[in-house]
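Report on one structure; see the data block that follows.
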Amino acid sequence: MRKLKVAVYKFSSCDGCQLQLLNMEEELLQLSSFVEFALFYEARRSVSSGPYDVAFVEGSISTPHEVEVIKKVREESKVLVAIGACATSGGIQALRNWANAEEYKQYVYPRPEWVEVLKYAEPPSKYVKVDYEIRGCPVSKEQLLSFILQSSKGKTPTLPVDSVCVECKRKGNVCVLVAKGVPCLGPVTMGGCGALCPSYGRGCYGCYGPMVDPKPEVLNTRFKELNIKPKEIQLLFKQFTNWSREFRKVIEEYE
Amino acid sequence: MSLTGLYVGRAVSLRILFSELRRLGYVVIGYKVVDGVLRLGELNSFEELAHDVEDIQSPGKYSLVSGDFYRHGPDSPKRFLYPPTLTLFKVSSEWVVSVPAYEERNIAFFGLKPCDLASIKVLDKILLGVDEYYTSLRKNLVLVVENCVSPGGTCFCSTMNTGPRARDSFDLAYTRLNDKLVVEAGSELGLKLLNLLEVEPIDDVTYERFEVMMRNASEKARAGFELNGLPEELELRIESKTYEEIVEKCLGCANCNMVCPTCFCFDVFDVPLIDGSAERVRVWDGCLNFTYGQVAGGHFRPDLWARYRHFVLHKLAYWIKQFGMYGCVGCGRCITWCPTGIDLRETVKKVLRGGKGG
Ligand code: SF4
Ligand code: SF4
Ligand code: SF4
Ligand code: SF4
Ligand code: SF4
C-alpha cells in the first residue's frame, strides 16, 4: 500500500493541535505504516518536498507573510485540512480582532513597527479553499486518527456535523441546561468532542465552533430568559471560535 | 388485556415482586435518582428504585423535589432496546466479516409508565423481526407497569390513548393508592407473580377510589386537541405558516428526536481501526439534524421549519399511513427536554386553529 504523504503546517497558534498527532503515543508506530510525515517540523528535521496528499494546517492567518505561505501550501497539497479552532475560525488570537492591535503593539513590543500584522486574525479559508475542517481547541486525536485512517483507505472522510446535544443524549448525559439552568453552548456547537464538558456537569464552551445551520441568536434569547447576565452570555460566545460568522452575530449585540 | 381483573394488596409487596424477578434471573431496570434527575438503570436492590421524589416537568425545565409520585426522566426503554450506538458488524484486515453475537439478556422493566409501555408497542411495529438486537431482547422482555395517578406538566397520554392507565400488553400493572396496591396481570408470568403477592379481589370502596383517581389523572393528561381526524386535519394544513413561527424558537439541536421513545432513525458510520480492521456502527439520528435529509445531489429539507414540520407530521400523521398507529405516545419528553421549551401540544393546537390556509 502506498503511504499517505502528509504535511503538517503551523500558522499563528499555540501548537496544541499538531501536538495531538504526537499525542497518539500508542498508535504512532502503527500509524507510520500508513503515513509518511513528509513535512512536520515539530516531529522531524528532514523534509521531503511536495506535492502532498494531505496537508494539516494549524493556526490562523495573522500576518502578510502567512498569506503567502498558505497560498503555497494550497498549491502543493491535494487535500487541505484545517485543524483546530484557530484554523477553522481564527481561534483565541482572533480576540484581538475585537480590539485595536496597533495600540496593543505599542504596549508590548519595544519596536512595534517591526511587527507586521493583518487587521484581522482569520482562518485559512479566508484566503484559500479548505477541503475539510477538523474542529476543537485542541482537535481530538481520535478524530485526527480517524481522518487519517479513512483517507489512507481511500474513503471519503466523514466528520461529525450535528450538535453537541446529539452526542450528549447518545451518551446518556443529563442536560445541564434543562435540568440545572446552566448556560450551555451545546445546542449550537458542532459535535465531535463526545460532549466532554456536559459529561462533567458543565455547560459546553463551544470550542468546536458553530455546527451546521446553527441558531446562536435563539440560544442567546433563551439565555436571556434564564436571566444569564449579558456579560456572561457574551463571554460564552466570545471564546475559542469568537470570530466564526455565526457566533459573531451574538457577540456584536453586546459590544 | 387484563387476564385477571383488579386485585388489591399492600404497597410494600412491590419488594417481593422485585426480588422474585431477580430470583428468576432478570436484569431489573427501573428509575433511579442520578445527577438530580430520574434515570432508567439496572437496579441491584429494591432500595435503589427512586422513592420519595417527584419530577417537576414543564416546557424546557426539569427538576426533582421530594414527593410521593414520579413519572419519568430523559431515558425511555429505547435506550436499552435500541441503543444509541451499536456495532452492526466488523470487517477484519483480511476482509472477514463477522456479526457480533448479541448476548441474550433477560430484562424486566420495573415501574415503567403506561406511555413507555405504549412506546414499546410502537417500536414492536417497526423493529420486531426486523432489527436483530431489538428482537433478541424483546423475546424475554418482562413489563411491570406503574399506572399514573398524577400526570406531570408535559404529559398528554389521555389524548394519545396510551395512559395514564395501561390497558394491555403488560405482564403486570399496578397502581399505588397510598399504602394499597391495585394490581392486575396481563400474562401468564404476570399471573404467577401476582400469586406471590397476597392479594384479594378488589372491594367496592377501593374500586370506586381507583376509578375516581384514574378519571382525575386522565383529565390532567389532556393535550387540548382531539385525535379524531387529526392526521387528515394536519395534512390539510401542511402549508400552515405556524411551523415557521414556532421554529423561530427552535435550535435544530435534535434533543427532541433523541429523547423521543419512538424515534427510530439512525445513521451508519464505517470506522476504520488502526489494526487494519473496520467496524460499521449504527447511531441514533433524527430528522431535526441538518444532514438527516441530505442526499447525494441535494437536500429534502434544508430549512429548519421544514425539518420541524416533518417531525410533527411524522409523529401525528404519516406514521398512521406507515404503521397504522401514531408515532407519538404523549410522554411529553420532547417538550420537557427541548432547551427552548417548544411544546408539541401548542404547535398542534395552533396549526389546527389556523384553518386551511393559515
Ligand atoms: S447539556 Fe448542553 S449539550 Fe447537553 S443536551 Fe443539554 S444543552 Fe445540549
Ligand atoms: S404521559 Fe401519562 S403515562 Fe406517561 S408518565 Fe405522563 S401520565 Fe404517566
Ligand atoms: S413526540 Fe414527544 S410526546 Fe410524543 S412520544 Fe415523542 S417525545 Fe413523547
Ligand atoms: S420523527 Fe423524525 S426522527 Fe422521529 S422517526 Fe420520524 S423522521 Fe425519524
Ligand atoms: S424542537 Fe427543541 S429540542 Fe427539537 S430541535 Fe428544536 S430546539 Fe431542539
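The values are calculated or read from the model by the stated rules, or taken from the named source; none is laboratory data. Everything numeric here is computed off the predicted structure, so don't read it as measured data. Heads up, the Cβs are rebuilt from the backbone with ideal geometry, glycines too, and the neighbour counts pull from every protein chain shown. These accessible areas exclude ligands, DNA and RNA; they are computed on the full protein's heavy atoms, side chains included. Shrake-Rupley method; radii C 1.70, N 1.55, O 1.52, S 1.80 Å.
Overview of results
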| read-out | value |
| --- | --- |
| Residue ID - farthest from ligand 2 (Cβ to nearest atom), chosen from residues in the stretch B:287-318 that are within 11 Å of another protein chain (Cβ to nearest Cβ) and in contact (Cβ under 8 Å) with a residue 40 or more places away in the chain | B:Leu304 |
| Candidates A:Gly186, A:Gly206, A:Gly191 - the one that is within 11 Å of chain B (Cβ to nearest Cβ), touching a Phe, Trp or Tyr at 6+ places or on another chain (Cβ under 8 Å), surrounded by 19 or more Cβ atoms within 10 Å (Cβ to Cβ) and small (Gly, Ala, Ser) | A:Gly191 |
| Among the candidates A:Val130, A:Val161, A:Val108, A:Val117, residue that is in contact with a Leu (Cβ under 6 Å, 6 or more places away or on another chain) and open to solvent by 30 Å² or more (accessible area, probe 1.4 Å) | A:Val130 |
| Selection within the stretch B:322-351 - more than 14 Å from chain A (Cβ to nearest Cβ), farther than 25 Å from B:Lys125 by Cβ and surrounded by 24 or more Cβ atoms within 10 Å (Cβ to Cβ) | B:Val351 |
| Number of the exception - A:Gly50 against (1) touching a strand residue (DSSP E or B) at 6+ places or on another chain (Cβ under 9 Å); (2) at pLDDT 95 or above | (2) |
| Failed condition for B:Glu132, given (1) closer than 20 Å to B:Glu188 by Cα; (2) out of contact with any Leu (no Cβ under 6 Å at 6 or more places or on another chain) | (1) |
| Among the residues listed as A:Lys229, A:Lys249, A:Lys215, the single one being more than 14 Å from the chain's Cα centre (by Cα) and modelled with pLDDT under 95 | A:Lys249 |
| Residues located in the stretch B:291-306, provided they are touching a Lys or Arg at 6+ places or on another chain (Cβ under 8 Å) and in a helix (DSSP H, G or I) | B:Tyr292, B:Gly293, B:Leu304 |
| Within the stretch B:177-225, tally of residues that are of a type in the set (Lys, Arg) and out of contact with any strand residue (DSSP E or B) (no Cβ under 7 Å at 6 or more places or on another chain) | 4 |
| Residues (open to solvent by less than 20 Å² (accessible area, probe 1.4 Å) and in contact with a Gly (Cβ under 6 Å, 6 or more places away or on another chain)) located in the stretch B:184-217 | B:Leu197 |
| Qualifying residue in the stretch B:237-258 (condition: surrounded by fewer than 17 Cβ atoms within 10 Å (Cβ to Cβ), within 14 Å of another protein chain (Cβ to nearest Cβ), more than 20 Å from the chain's Cα centre (by Cα) and part of a helix (DSSP H, G or I)) | yes |
| Output for the stretch B:282-321, where each listed residue is within 22 Å of A:Arg170 (Cα to Cα), more than 11 Å from ligand 5 (Cβ to nearest atom) and not hydroxyl-bearing (Ser, Thr, Tyr) | B:Arg282, B:Val283, B:Trp284, B:Asp285, B:Gly293, B:Gln294, B:His310, B:His314, B:Lys315 |
| Among (1) within 16 Å of ligand 5 (Cβ to nearest atom); (2) in a strand (DSSP E or B) - the single one B:Ile335 does not satisfy | (2) |
| Wholly enclosed helices (runs of 4 or more DSSP H) of the stretch A:118-182 bearing at least 3 residues more than 7 Å from chain B (Cβ to nearest Cβ) | A:141-152, A:164-171 |
| Verdict on A:Leu21 being within 14 Å of another protein chain (Cβ to nearest Cβ), surrounded by fewer than 17 Cβ atoms within 10 Å (Cβ to Cβ), of a type in the set (A, V, I, L, M) and in a helix (DSSP H, G or I) | no |
| Output for the stretch B:197-236, where each listed residue is within 25 Å of B:Val142 (Cα to Cα), touching a Leu at 6+ places or on another chain (Cβ under 7 Å) and among the aliphatic types (A, V, I, L, M) | B:Leu197, B:Ile202 |
| Condition broken by B:Arg22, with the remaining ones in (1) touching a residue at least 12 places away in the same chain (Cβ under 8 Å); (2) assigned to a helix (DSSP H, G or I); (3) more than 30 Å from B:Gly324 (Cβ to Cβ) satisfied | (1) |
| When residues of the stretch A:223-244 are limited to those that are out of contact with any helix residue (DSSP H, G or I) (no Cβ under 7 Å at 6 or more places or on another chain), in contact (Cβ under 8 Å) with a residue 40 or more places away in the chain and not acidic (Asp, Glu), the one nearest to the other protein chains (Cβ to nearest Cβ) | A:Leu226 |
| Qualifying residue in the stretch B:274-285 (condition: away from ligand 2 (no atom under 16 Å from the Cβ), farther than 30 Å from B:Tyr70 by Cα, open to solvent by less than 40 Å² (accessible area, probe 1.4 Å) and part of a helix (DSSP H, G or I)) | no |
| Hits in the stretch B:58-102 - residues which are open to solvent by 20 Å² or more (accessible area, probe 1.4 Å), within 22 Å of the chain's Cα centre (by Cα) and more than 14 Å from chain A (Cβ to nearest Cβ) | B:Asp68 |
| Residue match in the stretch B:273-286 (condition: at the interface with another protein chain (Cβ under 9 Å from one of its Cβ atoms), of a type in the set (A, V, I, L, M, F, W, C) and under 27 Å from the mean Cα position of the chain (by Cα)) | yes |
| Test: residue in the stretch B:36-46 that is among the aromatic types (Phe, Trp, Tyr), surrounded by 15 or more Cβ atoms within 10 Å (Cβ to Cβ), more than 14 Å from chain A (Cβ to nearest Cβ) and more than 28 Å from B:Gly153 (Cα to Cα) | no |
| Residue count, the stretch B:133-148 (criterion: open to solvent by 30 Å² or more (accessible area, probe 1.4 Å) and either touching a Pro at 6+ places or on another chain (Cβ under 9 Å) or within 13 Å of ligand 3 (Cβ to nearest atom) (or both)) | 1 |
